[in-house]
Amino acid sequence: MTKKNYIPAIAIMFALFFMTAFITGLHNPLGIIVKFQFGFSNAMSQLGNLINFLAYACMGLPAGYILKKYGYKVSSLVAVTIGILGVGTFWLSGVLESFWVYLLGAFVSGFAACMLNAVVNPMLNSIGQGGKKGNQLLQYGNSLNSLAATFVPFFIGWLTGQHASHTISDANPAFFIAIGIFVLAFVVILFTRMPEPEFDEDMIKVELPHRGDGIYSCFSFRHFVLGAVAIFVYTGIEIGIANTTNLYLTHEIGLMPGKAGVIVSLYWFFMFIGRLIGGYFGSRFASHDMLSFATFGTMALIIMAIFTPSDLLVSFGERIFTDIPINAVFLILTGLFTSVMWGNIFNMSVEGLGKYTSSATGFFMFMVCGGGIIPAIQGALADWIGYIPSFWFILLGLTYLLFYASSGYKNVNKKIPVQ
């Protein structure tokens, strides 16, 4: 058995993780901008985010098909090209001052993010051969995802704060940076040899008897189906916490978008810290234990946020971090715990799927549309019952994650051949 060098592929996957968060993270601060620019409600301000994640519903299964038929390298190049088109459409929406073109950009960039996720997650998990090592690679990759998500609201919040008006064009420098990163990534990927882990003989551990094509699919595995639902719920929780906190700070507390953007960027920064810690402990603790711990921590902080009065304020340092509601601080701190959820859920969901991993990944990406649907529902609830009470809806989703971490993750279909 020859030893393969997967370091270049891992480096590229980490870079793609960063890019995925960059284009996805645009919708949090842009939601605030379009709310100001077009005078929308909270629910309408989340429409771009909803459209972005609905693209996963449209592209998830095709992304799995492209990955299975053409492999990781071609899929990566296609995803990066679509990313350039999506961010370019954002820029065009600012020039035309058109909300509908903005929504088109959200949809196209969602295509790109879906395909990028369809590439990076199964490759890193496969290179790590699943289990604790696969989880560890996913946590480290996701830490760069969080780093990009930290940068975007901070940067766009700063750009918006430099103008009296709040328009999409204010974010042009962020769009140009994203396009430049995509172009550079395209060139690097084009000239880099990338492995295809699912078909690498050195990574196949067990030979199982073949029982005929068409008898089984990824949906034959209970733990995968329940895991796909878990990722739908998780992505909604992750995005919903950040987006609703941003709206809460700007429209109920009355902070300027720039200041609110900087504060909310700390949520993604804490996710970055959490994923670094998760990467360190990923090879030491089982994924279901990490998910249980993270879910309990998130639930505790959200309950504290709900029952803490909004007029109870705290200050850190000078200028930016002054007179911040303590309940908002609790919501920001949830990033430490939500950070490790994605990697653990994905790791447990595809464990033991073998040849069904590619098709499973496609449906997994389809279910990421929860990141648009759940925040939209929470936005509507915020219009109806208020920002902080809307987090009871998030607690309901966390209850399901607790079930998946306790028993839903178990593979009860181990007799199905996967080679």
Report the calculated FRET efficiency for K69 and S220 (r = Cβ-Cβ distance, R0 = 25 Å), to the nearest 0.05.
-> 0.70
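In Å², and per residue, what accessible area does segment 262-419 have when probed at 1.4 Å with the other protein chains present? Don't skip to the answer; put the middle values down first.
On the way: 6240 Å² over 158 residues.
Solvent-accessible surface per residue comes out at 39 Å².
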What is the Cα radius of gyration of segment 238-390 over 2.2 N^0.38 Å, N being its residue count?
-> 1.16
To the nearest 10 degrees, how steeply does helix 370-385 sit against the main Cα axis of the chain, on a 0 to 90 scale?
-> 30 degrees
Relative frequency of Cα-Cα separations exceeding 38 Å in the chain, percent | 17 percent
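Kirkwood hydrodynamic radius for segment 1-104: how many Å is it when counted over pairs of different Cα atoms?
Numbers: mean 1/r = 0.0636 Å⁻¹.
Evaluated over segment 1-104, this radius sits at 15.7 Å.
Restricting to DSSP H runs of at least four residues, report the calculated mean residue ellipticity at 222 nm for the chain, -39500 (n - 2.57) per run over all residues, nearest 500 deg cm²/dmol. Mind showing how you got there, number by number?
Values: 16 runs with 296 residues, N = 419.
That comes out to -24000 deg cm²/dmol.
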D289: accessible area at probe 1.4 Å, nearest 10 Å²?
-> 80 Å²
Determine, from the Cβ-Cβ distance of T167 and S41 and an R0 of 30 Å, the FRET efficiency 1/(1 + (r/R0)^6), rounded to the nearest 0.05.
-> 0.95
Calculated FRET efficiency for the pair L92/D289, C-beta based, R₀ 51 Å, to 0.05 = 0.60
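I'd like to check one number: the per residue accessible area of segment 8-110, probe 1.4 Å, reported in Å² as a whole number. The partial results should precede the final answer.
Working: 3430 Å² over 103 residues.
Accessible area per residue: 33 Å².
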Between L190 and A300, what is the label-to-label distance in nm when each label sits 7 Å out along the Cα-to-Cβ direction?
-> 5.1 nm
State, to one decimal in nm, how far the label point of N411 lies from the label point of I177, with both points 7 Å from Cα in the Cβ direction.
-> 4.1 nm
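Work out, step by step, the length gained on full extension between L313 and C58: first 0.36 nm times the residue separation, then minus their alpha carbon distance; give nm to one decimal. Can you show the working numbers first?
Numbers: separation 255, 0.36 × 255 = 91.80 nm, distance 4.32 nm.
Net length gain for the segment: 87.5 nm.
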What percent does the relative contact order of the chain come to when contacts are Cα pairs within less than 8 Å and at least six residues apart?
-> 27 percent
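Could you please put I345, I82 in sequence from largest to smallest accessible area, using a 1.4 Å probe? All intermediate terms of the calculation are to be shown ahead of the outcome.
Working: I345 0, I82 30 Å².
Result, largest first: I82, I345.
The values are calculated or read from the model by the stated rules, or taken from the named source; none is laboratory data. Computed from a prediction, not measured in an experiment: that's the story for all the values here. Neighbour counts run over all protein chains shown; Cβ positions are idealised from the backbone, glycine included. When the accessible area is computed, the model is the full protein with side chains, heavy atoms only, and any ligands, DNA or RNA have been set aside. Shrake-Rupley method; radii C 1.70, N 1.55, O 1.52, S 1.80 Å.
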